[in-house]
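Novice: My questions all concern the structure below.
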Amino acid sequence: MSEKTDNREFLKRTTLQDLLNQKNVLTPLDNPQKRENSHIGGKNSFLEEKTSKLEEISLFIFKRGVNELKQEKYCCASALFETLLTFEPDHIKAKLNLAVALSQVGNNKKALAILESVLEQEPDNEVAIQNIKIIEESI
């Protein structure tokens, strides 16, 4: 089976809503009454629980993206890192890994733009600096 077919199957099987459901995270699609009553043990505990679950999901998505990247499933990895960045737009490691995945499929322009955004956040980020050099040399 080709990587393209694997990627399509992965995207068909796994949606963000599936991941959220697996971790029991309530979303706006869930029952609003259930969401309103879930904070009854104290308003801070609800926020802490929600934050904890979001962090857990972010870590899950990140690790899954790294795994896909290691398996050279660059399209799947890109989709996962982009999903993570919709929730955590300043996630440096997700940006760095997304840039690698994109450069592997020949999307060097977007990879360079992402690496530049990393340098805006962390001007001395050695990984971003090195990856920019590598991509620019390959162009």
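Novice: Of the residues in the range 86-116, how many are free of Cβ contacts under 8 Å to residues at least 24 places away in the same chain, surrounded by fewer than 16 Cβ atoms within 10 Å (Cβ to Cβ) and not charged (D, E, K, R)?
Specialist: The qualifying residues number 4.
Novice: Among the helices (runs of 4 or more DSSP H) confined wholly to the range 89-139, which include 1 or more residues that are modelled with pLDDT of 95 or more and under 17 Å from the mean Cα position of the chain (by Cα)?
Specialist: Working: elements: 92-104, 108-121, 126-138.
Helices (runs of 4 or more DSSP H) meeting the threshold: 92-104, 108-121.
Novice: Tell me the residue from E82, E49, E55 that is at pLDDT below 95 and surrounded by 13 or more Cβ atoms within 10 Å (Cβ to Cβ), please.
Specialist: Among E82, E49, E55, only E49 is at pLDDT below 95 and surrounded by 13 or more Cβ atoms within 10 Å (Cβ to Cβ).
The values are calculated or read from the model by the stated rules, or taken from the named source; none is laboratory data. Being a predicted model, the structure only gives us computed values, none of them experimental. Backbone-built Cβ (ideal geometry, glycine too); neighbour counts: all protein chains shown.
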